[in-house]
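The values are calculated or read from the model by the stated rules, or taken from the named source; none is laboratory data. The structure displayed is predicted, hence computed values, not measured ones. FYI the Cβ positions are ideal-geometry reconstructions off the backbone, even for glycines, and counts take in every protein chain you see. We work out accessible area using only protein heavy atoms, side chains counted, and drop any ligands, DNA or RNA first. Shrake-Rupley method; radii C 1.70, N 1.55, O 1.52, S 1.80 Å.
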Amino acid sequence: MPSVDAGETELHYLRAGEGEPMLLIQGMSATHLAWGRPFLSELEGSFECVVFDNRGMGLSGRAELPFTIADMAGDAAALLDALEIETAHVVGISMGGMIAQELALAHPERIRTLTIGASYCGGPDGELMAPEDLRMLGAAYASGEPERVFRAMWEINLSPAFRAEESRFRDFVEMGSQLPAPQPVVLQQMRACGAHDTHERLAGIDLPTLVIHGDADRLLGHGNGREIAAAIPGARFETLAGVGHMFWWEQPQRSAELIRDQALAPV
């Protein structure tokens, strides 16, 4: 997996596929493996996809603490610079959707189309994880038991319908355990997400924008997606019925289809 100097850190990335460049930005505690091959393979037939590990995660370099969502948006811009990509379609999910918001506000000239999935923009109506889910997840991390942590993440990230097939849990654990996700970095990501607030600035985004959100999302509720779409002029909002936070994991073909149609639509 090659790497580039992004100024404040070293970023490891993968570049695959044919077509216009597409930068995909992952969420909290996740590495590039969290996209999953079923989803990426659907996009790589139409786009040159660039995936990477955020600072301090997976194979990327150490993260100096603290850092902000805007700092990570700067990392994404530096990655585009290093790869000599002038403009790209940008897809950000969860925390990655927050990073994509800041990237679109700071560098709109670098973005062809914008897709924000299962994310959050702050503001008076923004809703983060429910307190009882936060306590459950915190207790799992505090236990130091990997199985308990994965079970908590499995429950919060995926819908009951998807979790009904127990064999899927093995794939989830395999994805989450292959690369490092240092706890201090994840906790700082959590703090950065809590401080994120673009609600009053999103009206300044003038880009073709798609917002995707599952209506069974327990991590960042469905109302957050509706609020983001309402705040960005002309944004299209797509609800995935009965789908949890990791919508691209539950419905890879449908998710890729929505993103592909958005990126390839005539301007």
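Backbone amide hydrogens, once placed in the peptide plane, bring A6 within less than 5 Å of L11, excluding anything fewer than 5 places away on its chain. Residues whose amide H comes within less than 5 Å of that of F47, counting only those at least five positions distant or on another chain, are E18 (H built at 1.01 Å from N in the peptide plane). Only Lys, Arg, Asp and Glu carry charge here, each on its Cβ (+1 for the first two, -1 for the last two); on that basis the stretch 130-267 has a dipole of about 140 debye about its Cα centre. Between A82 and E18, the FRET efficiency estimated from the beta carbon spacing at R0 = 35 angstrom works out to 0.95. Measuring from centroid to centroid over Cα atoms, what is the spacing of the stretch 180-249 and the stretch 1-53 in Å? Taking the Cα centre of the stretch 1-53 as reference, the centre of the stretch 180-249 is 19 Å away.
Classify the stretch 17-129 as rounded, prolate or oblate from the Cα gyration tensor: take a ≥ b ≥ c as the square roots of its eigenvalues, call it rounded if a/c is under 1.5, otherwise prolate when a/b beats b/c and oblate if not. Mind showing how you got there, number by number?
On the way: a/c = 1.33, a/b = 1.31, b/c = 1.02.
Rounded is the answer for the stretch 17-129, as its axis ratio a/c remains below 1.5.
Put a plus charge on the Cβ of each Lys and Arg, a minus charge on the Cβ of each Asp and Glu, and nothing anywhere else: the dipole of the chain about its Cα centre is then about 440 debye.
Of the heavy-atom accessible surface of the chain (probe 1.4 angstrom), what whole percent is carbon and sulfur? Ligands and nucleic acids excluded, carbon and sulfur reach 52 percent.
Accessible surface calculations at 1.4 Å, restricted to protein heavy atoms, place the chain at 42 Å² per residue. Scalar couplings 3J(HN,Hα) for the stretch 182-187, obtained by applying the Karplus form with A = 6.51, B = -1.76, C = 1.60 to θ = phi - 60°, are x, 4, x, 5, 4, 5 Hz; x denotes Gly and Pro. Running a GNM on the chain with Cα contacts under 10 Å, which residue among Q188, Q178, Q101 ends up with the highest mean-square fluctuation? Comparing Q188, Q178, Q101 in the GNM, the peak value goes to Q178. Annotation: amide H-H contacts under 5 Å for I111 (H modelled 1.01 Å from N, sequence separation of 5 or more, or interchain): A88.
3J(HN,Hα) couplings calculated from phi for the stretch 253-262 with the Karplus curve 6.51 cos²θ - 1.76 cosθ + 1.60 (θ = phi - 60°) are, in sequence order, 5, 5, 4, 5, 4, 4, 5, 4, 5, 5 Hz; Gly and Pro show x. Taking every DSSP beta bridge that has both ends in the chain, the antiparallel portion is near 25%.
Extension gain for the segment Y141 to R191, taken as residue separation times 0.36 nm less the Cα-Cα distance, is 16.4 nm to one decimal. Which residue fluctuates the most in the chain, going by a Gaussian network model with Cα springs under 10 Å, if the choices are L158, L179, L210? Largest GNM mean-square fluctuation: L179. A simple rule links phi to the HN-Hα coupling: the Karplus curve 6.51 cos²θ - 1.76 cosθ + 1.60 with θ = phi - 60°, which for the stretch 188-202 gives 5, 4, 4, 5, 5, 5, x, 8, 5, 7, 10, 3, 6, 9, 5 Hz, with x for Gly and Pro. A helix-only calculation puts the chain at -12500 deg cm²/dmol for mean residue ellipticity at 222 nm, using -39500 (n - 2.57) for each DSSP H run of at least four residues, averaged over all residues.
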